[in-house]
Amino acid sequence: MIYIREASEDEMVALFLKTEIKSTRFRDRILAAIDQLKAKESIVTEPNLASAEENDLRREILSIFRGYGRDAEMFEGYPGDIRWVWVDLSRADLERVRYIDYSYWNELSSHTRLAKVAATNIRKGIEVFGVSNDGFLEGAKDLLKGASFPPMILVANRDSGQLTVLEGHFRLTVYMLEPDHIPQRLRTMVGLVDQEGFDSWNL
């Protein structure tokens, strides 16, 4: 893992929302939050990090959407002293990144929470909870064709070095389906926390 530069909490929130609004699974929920706050979609799709008003609104959107700032859902136990940075990851780094502790990802990875294991299961045709693997396989085809994906957001235990996905489970799985086509240096946002913070966060 090669350090590039510091990032901010506002940058993390903006990246999280900008990426997930492109997902057919999450788009409607984000749009509903934007509508509830009487904001425009561009606040997510074209974020202006220099605007304090926009940053506050995006935090509210992520709060409605994922529990950010209210100790709920994905952000239950979120530590107050997290440090966000930009890094470049190698293929070896990616192979040890773990999924969030969630039933679907646990089952898909044979309870290892490793995307490398999930990719093997997908290639074997193993499906979980009746959910098709076609999206992963299509994503792998896109990667083979030279597609690039938005940066993932990970969390790192700075004491143990353990890496866990916060946002980007699909992309991590696609990378493991075609590991020879992973960029040599993959730009990624990482939140650094100590052991106590890592343990308290509901990941």
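Is there any pair linking a residue in the stretch 52-74 that is among the hydroxyl-bearing types (Ser, Thr, Tyr) to one that is at pLDDT 95 or above and crowded, with 16+ Cβ neighbours inside 10 Å, with Cβ under 8 Å and at least six apart or on different chains, and which?
What qualifies is TYR68/VAL13; TYR68/ARG59; TYR68/LEU62.
Kindly list, by first and then second residue, each pair from a residue in the stretch 3-22 that is under 19 Å from PHE75 (Cα atoms) and in contact (Cβ under 8 Å) with a residue 40 or more places away in the chain to a residue that is hydroxyl-bearing (Ser, Thr, Tyr) and crowded, with 20+ Cβ neighbours inside 10 Å, limited to pairs with Cβ atoms under 8 Å and residues at least 6 apart or on different chains.
Here the result reads VAL13/TYR68, each pair linking the stretch 3-22 to a residue that is hydroxyl-bearing (Ser, Thr, Tyr) and crowded, with 20+ Cβ neighbours inside 10 Å.
What is the residue count in the stretch 160-200 for residues that are more than 15 Å from VAL97 (Cα to Cα) and in contact with a helix residue (DSSP H, G or I) (Cβ under 6 Å, 6 or more places away or on another chain)?
Number satisfying all stated conditions: 2.
Right, GLY191: on the phi > 0 side of the Ramachandran plot and either assigned by TED's automatic domain parsing to the domain that holds LEU114 or assigned to a strand (DSSP E or B) (or both) or not?
no
To keep it simple, each residue is scored yes or no on (1) surrounded by 13 or more Cβ atoms within 10 Å (Cβ to Cβ); (2) among the aliphatic types (A, V, I, L, M); (3) not assigned by TED's automatic domain parsing to the domain that holds LEU172.
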| site | (1), (2), (3) |
| --- | --- |
| ALA52 | no, yes, yes |
| GLU60 | yes, no, yes |
| ILE64 | yes, yes, yes |
| GLY69 | yes, no, yes |
| GLU127 | yes, no, no |
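Do you know which residues across the stretch 78-103 are under 12 Å from LEU154 (Cβ atoms), acidic (Asp, Glu) and loosely packed, with under 15 Cβ neighbours inside 10 Å?
none
If you take the residues in the stretch 127-177 that are of a type in the set (Ser, Thr, Tyr) and modelled with pLDDT under 95, which one is farthest from ASN106 (Cα to Cα)? Outline the logic, then answer.
Let us first name the residues in the stretch 127-177 that are of a type in the set (Ser, Thr, Tyr), namely 132, 148, 160, 164, 173, 175.
The next check asks that each one be modelled with pLDDT under 95; those that pass are 148, 160.
Values: SER148: 26, SER160: 21 Å.
Ranking the qualifying residues of the stretch 127-177, first place goes to SER148.
Mind listing whichever residues of the stretch 17-41 are farther than 11 Å from ILE61 by Cα and either within 19 Å of the chain's Cα centre (by Cα) or crowded, with 17+ Cβ neighbours inside 10 Å (or both)?
LYS18, THR19, GLU20, ILE21, LYS22, SER23, THR24, ARG25, PHE26, ARG27, ASP28, listed by residue number.
Since TYR102 meets every condition but one in (1) out of contact with any Phe, Trp or Tyr (no Cβ under 8 Å at 6 or more places or on another chain); (2) in contact (Cβ under 8 Å) with a residue 12 or more places away in the chain, which condition does it not meet?
So the condition that TYR102 fails would be (2).
Somewhere in the stretch 142-160, is a residue farther than 28 Å from ALA14 by Cβ, of a type in the set (D, E, K, R) and assigned to a helix (DSSP H, G or I)?
No; the residues of the stretch 142-160 include none that is farther than 28 Å from ALA14 by Cβ, of a type in the set (D, E, K, R) and assigned to a helix (DSSP H, G or I).
The values are calculated or read from the model by the stated rules, or taken from the named source; none is laboratory data. These numbers come from a predicted model, not from an experiment. So basically every Cβ, Gly included, is an ideal-geometry build from the backbone, and we count neighbours across all protein chains shown.
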